[in-house]
Amino acid sequence: MGRTLKFDIFRYNPEEPASQPRMQAFTLDETENMTLFIALNRLREEQDPGLIFDFCCRAGICGSCGMVVNGRPRLACQTKTKDLPETITLLPLPVFKLIGDLSVDTGVWFREMYQKTESWIHTTKEFDHTKEEERMDNAVAEQIYELERCVECGCCIAACGTARMRDDFLGAAALNRVARFVVDPRDQRTDKEYFEIIGNDYGIFGCMGLLACEDICPKNLPLQNQLGFLRRKMGITAIKQFLGK
Amino acid sequence: MYTHTSDLLVIGAGLAGERVAVESALAGFDVVCLSIVPARRSHSSAAQGGMQAAIGNCAMGEGDNTDVHFMDTVKGSDWGCDQEVARMFADTAPIEMRRLAHWGVPWNRVVPGKSFYFKGGEKFEKFEKPEKEGLITARSFGGTAKWRTCYTSDGTGHAVMCTMDNKCAELGITVLDRKEAISLIHDGEKCMGAVVRCLRTGKLEVYLAKATAICTGGYGRLYSATTNAVICDGAGNAIAQETGVVPIGNPESIQFHPTGIVPTDILVTEGCRGDGGTLLDVNEERFMHIYEPEKAELASRDVVARRMTEHMRAGHGVKSAYGEHLWLDIRHLGDKHISTKLREVDEICKNFLGVDARTQLIPVRPTQHYTMSGIRTDKTGAAYGLKGLYSAGESACWDMHGFNRLGGNSLAETVVAGGIIGKCIVEYLHGTETTYSTAVINAEVKRQQQRIDDLIAGRLGKENVYKVRAEMQEALMTGCFVFRNEKDLLTCIETLQGIYERSGRIGLVSNGLGANHEVAAALKLRGQVRLALGIAAGALARKESRGSHNREDFPARDDKNWLSRTLAYWPENADMPVLKYEDATPHFEIPPGDRGYGGGTIIQADPETIAAKTIKR
Ligand SMILES: Cc1cc2nc3c(=O)[nH]c(=O)nc-3n(C[C@H](O)[C@H](O)[C@H](O)COP(=O)(O)OP(=O)(O)OC[C@H]3O[C@@H](n4cnc5c(N)ncnc54)[C@H](O)[C@@H]3O)c2cc1C
Ligand code: SF4
Ligand code: SF4
Ligand code: FES
């Protein structure tokens, strides 16, 4: 303890005509159990109220606070300063549209993704409130939940080489989303229908399999397994289509 | 000026807001939902425990039914709830949970056969019936007679929020994030929509609608120590109260939780104590057994929070850079228990404190957790005072919680109330055509733009918004927290009045351009202080102790004089809220009695009055 931290923070406010992208230095005394949530709020309240960044739950559950901390995309609220060197460099996540300083527009990106992947249960069954619920195997329910744990922080997208090169690449979070519906017995979509969504270069075949997404995911989602699973499934679907089946 | 028109405007896209929106969209109406953050980041996604519904599939839930759920809810409320509403809630909850299953929630399901569970540190065996295999199961929660809490692993809120948001996407509902409502457009009789600040550009926009629903969640951020997200700041309640005609119901009714971690007040579950964890003071000695010889750490939420506060006041707190706290000790539970049964606590300690709970103590203190108080509505969700205005979820005082909300009942409320109120809004929309007065709209936009311009130019004064806000939070922490008494409440009110005055003299330090946070904080501060004054004034007036409202100087629950609900109005140009009262419930299905926990004496109500209001079902 007793350290004086030096923050190098990216600054740019697109709504301010005179603003130029630049790095700005701040210093702050470290206190016990300090997280980047505490540090950034103190900087804003005590030093520069114009500083723009996002937090919501401040507990690692909502995914608001993705940013690049000393070169690595991560959730700022669950990053303790004591695990970082005295100099801390903060940059906004790449790929997403910049709102200002450390804040990026993950909301619009993810809403578009829901539309592209049709992120909902496709079924012809109607809900009947007079009936008992349809049964489901508990193991299947748990498997679905494990894939649904994504908090849409965008860290995997920011870390992905393909996503940085092509705007239209769906990214690991989206492919994981598709996998969530593939394993759900309530969703009646066929492999062929999924193929139409992700069986191409901006979907599963655009992924270079370099693992950055899984390494970076703060929720430790098994992204590689899902990508592999979909690649095999979609590969088979492609062959079947080629053979006219 | 960007202006958007729809049938229904929903302010807030948490579970309650999106559930309301779905109902209107299914009926063919045009809906728009606004939210400060992307919908899935709403605080609903933070709830881990689960949602109450008397489905009764699992072994320990056998024999459960909606009557038992209703009774638990009324007792939990300390007879402060509207029993008609609590009844609707209990009856509808099972249907809503099944509907959610149909829409995609991966509820945990019954696994047949033998298994074990722990209670009070002891191991018990249970047997799940094979014929129930695959139906929705439930877990145990405080204050309930049966296992009734439906859940998905340790992420119920997140899973339900995902499903609800997917449903909105499927129905093509417009859900816009980074849009903050800063005032309602109304003519004193009818609500026409809201003035909204875009949190991307800082520009003002207008959203007009035949009906408006405020679903902005709780307002824990009026206190400095809270488990709530930073966006749970009461702005939705404040803009309703600011109309002068819409009251806040039971402002004094705020729930505190014993174990928020220090510094960030993230919640660690009650399960720690349930499984045998202990609370220690600065000398690393236990103290709960001194105050509560029988139950010690296992006394109810409100009781433990009270005792911890007393002990710190007596000088036994641990001093830290973030104020005083106590310790939670779960070291003796051992590695296996901590890494399995308390996995989530283990992770919170590691990620936010760098503490290994196997070998180190966890710093904790009582912290604000839930607002039973809110925009007062009738049972259809219609706000008192303005036609076309509705509210649902934690922002509302629909009033099934009275003076204490049971764990698992609020997440369930969001979807149950959302469904019921959504239907009532559909009925209203079917019977309503409207006209919008451009004069009223323009005047309101102009007023809001003027406020922003004044803040930026520093025309009102030089007060710092963050400083004034912190003082408001501290005033409530010291004067109107777990314990209340006349002396402290009077001081609190006096302090808050000074703060209210200063909140009118804020001047920005930054230039206020774009997605500027200082502007957002400054715009809502005045409304927040009004809400804070409502909490304190309501607490001062209520000379009894009921549920979470504890008056040291009036420890009895007084059914004779206080079987009532407070309504806090803020007339134009007032500097204090005006308090009015109404009966807590139109009738009793369960007449007031002993809760069976929490102790305390009861001053009986007049038996004849009670008998006259009691109905049989
Ligand atoms: C840590 C924690 C754990 C909990 N666990 C449980 C549990 O296990 N079981 C249970 O039953 N309950 C639990 N609760 C309580 C429960 O989570 C909440 O009561 C419930 O989720 C509230 O839902 P809501 O839809 O009313 O509001 P929220 O989910 O809070 O949504 C509010 C919405 O309003 C928006 N908003 C706010 N202000 C504005 C504005 N001015 N303009 C536009 N939009 C605005 C927000 O962006 C958000 O979209 C827990 C609460 C906490 C804090
Ligand atoms: S494995 Fe695929 S999705 Fe993941 S980072 Fe690499 S290219 Fe991107
Ligand atoms: S998959 Fe992981 S890294 Fe990617 S958005 Fe979801 S939680 Fe974030
Ligand atoms: S603020 Fe929610 S994850 Fe960081």
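So, with a 1.4 angstrom probe, what is the percent of accessible area on the protein assembly as shown that is carbon and sulfur?
The nonpolar share, carbon plus sulfur, comes to 51 percent.
Remind me, relative contact order of chain B in percent, using alpha carbon pairs under 8 angstrom and six or more residues apart?
Normalised by residue count, the contact order of chain B is 19 percent.
What quantity of accessible surface, computed with a 1.4 Å probe and excluding non-protein components, is buried in total between chains B and A, in Å² to the nearest 100?
Counting both chains, the buried surface is close to 5800 Å².
Using only helices, what value at 222 nm comes out for chain B when you add -39,500 (n - 2.57) per DSSP H run of length 4 or more and divide by the total residues, to the nearest 500 deg cm²/dmol?
Mean residue ellipticity at 222 nm (helix-derived): -10500 deg cm²/dmol.
Not counting ligands, DNA or RNA, and with a 1.4 Å probe, what is B:Ile425's accessible surface area in Å² rounded to the nearest 10?
0
Near A:Lys131, which lysines are there with a Cα under 22 Å away, not counting those fewer than 8 places off in the same chain?
Output for A:Lys131: B:Lys129, B:Lys132, B:Lys167, B:Lys423.
Per-residue Cβ counts within 10 Å, from other chains only, averaged over A:142-150: what number is that?
Mean shielding by partner chains, rounded to a whole number: 5.
Run the 1.4 Å probe and let me know the accessible area of B:Val246, rounded to the nearest 10 Å².
Spelled out: B:Val246, probe radius 1.4 Å, area about 0 Å².
Residue by residue through A:105-115, how many Cβ atoms from other chains fall within 10 Å of the Cβ on average?
Whole-number average of other-chain Cβ neighbours for A:105-115 is 5.
Under a 1.4 angstrom probe, counting protein chains only, how are A:Val182, B:Val509, B:Val160 ranked by accessible area, largest first?
Output order, biggest surface exposure first: B:Val509, A:Val182, B:Val160.
Once ligands and nucleic acids are excluded and a 1.4 Å probe is used, how much of B:Asp558 is accessible, expressed in Å² to the nearest 10?
10
Of B:Phe287, A:Phe229, B:Phe127, which has the most accessible area and how do the rest follow, probe 1.4 Å?
Largest accessible area first, the residues go B:Phe127, A:Phe229, B:Phe287.
What aspartates and glutamates does B:Lys126 reach when the alpha-carbon gap must be under 13 Å and sequence neighbours fewer than 8 apart in one chain are set aside?
B:Glu62
In whole Hz, what ³J(HN,Hα) sequence does region A:175-192 give by Karplus (6.51, -1.76, 1.60; θ = phi - 60°), x for Gly and Pro?
5, 4, 4, 4, 4, 4, 7, 4, 7, 8, x, 6, 8, 8, 5, 8, 4, 4
Using packing as a proxy for protection, rank B:236-242, B:290-296 so that the peptide with the highest average count of other Cβ atoms within 10 Å comes first.
B:236-242, B:290-296
Tell me which lysines have Cα within less than 16 Å of B:Lys123's Cα, excluding those fewer than 8 residues away on the same chain?
B:Lys114, B:Lys336, B:Lys341
Roughly how big is chain A's charge dipole about its Cα centre, with Cβ charges of +1 (Lys, Arg) and -1 (Asp, Glu), in debye to the nearest 20?
Charge dipole, chain A, about its Cα centre: 700 debye, nearest 20.
Can you give the angle from 0 to 90° between the axis of helix A:138-148 and the longest principal axis of chain A, with both taken from C-alpha atoms, to the nearest 10?
50
Which of A:Met113, A:Met208, A:Met67 moves most in a GNM of chain A, Cα contacts under 10 Å?
Greatest mean-square fluctuation among the candidates belongs to A:Met208.
Apply the Karplus parameterisation 6.51 cos²θ - 1.76 cosθ + 1.60, with θ equal to phi minus 60°, to every residue of region A:49-57 and state each ³J(HN,Hα) to the nearest whole Hz, in sequence, with x for glycine and proline.
Per residue, the Karplus-derived 3J(HN,Hα) values read x, x, 5, 10, 7, 10, 9, 9, 6 Hz.
Would you mind calculating the relative contact order of region B:234-343 from Cα pairs under 8 angstrom and at least 6 residues apart, reporting the percent as a whole number?
Relative contact order for region B:234-343 comes out at 27 percent.
How crowded by other chains is B:177-183, given as the mean number of beta carbons from other chains within 10 Å of each beta carbon?
Taking all residues of B:177-183 together, the mean is 2.
Do any GluC sites (Glu not before Pro) in region A:106-174 lie in a DSSP loop with no more than 10 other beta carbon atoms within 10 Å, and if so, which?
Listed in order of number, the matching sites are A:Glu126.
Counting only DSSP beta bridges with both residues in region B:506-617, what percent are antiparallel, rounded to the nearest 5?
The antiparallel proportion sits near 70 percent.
Per residue, how large is the accessible surface of the protein assembly as shown? Use a 1.4 angstrom probe and give square angstrom.
37
Can you work out ³J(HN,Hα) from phi for every residue in region B:15-24, in order, using Karplus 6.51 cos²θ - 1.76 cosθ + 1.60 and θ = phi - 60°, giving whole Hz and x for Gly and Pro?
Result, rounded to whole Hz: 4, 5, x, 5, 5, 4, 4, 4, 4, 6.
What is region B:469-586's relative contact order, in percent, from Cα pairs under 8 angstrom and six or more apart in sequence?
25
The values are calculated or read from the model by the stated rules, or taken from the named source; none is laboratory data. From a predicted model like this one, the values you see are computed outputs, not experimental measurements. Don't worry about glycine lacking a Cβ; one is built from the backbone with ideal geometry, like all the others, and counts go over all protein chains shown. Each accessible area value is taken on the protein alone, full model and side chains, heavy atoms only, with ligands, DNA and RNA left out. Shrake-Rupley method; radii C 1.70, N 1.55, O 1.52, S 1.80 Å.
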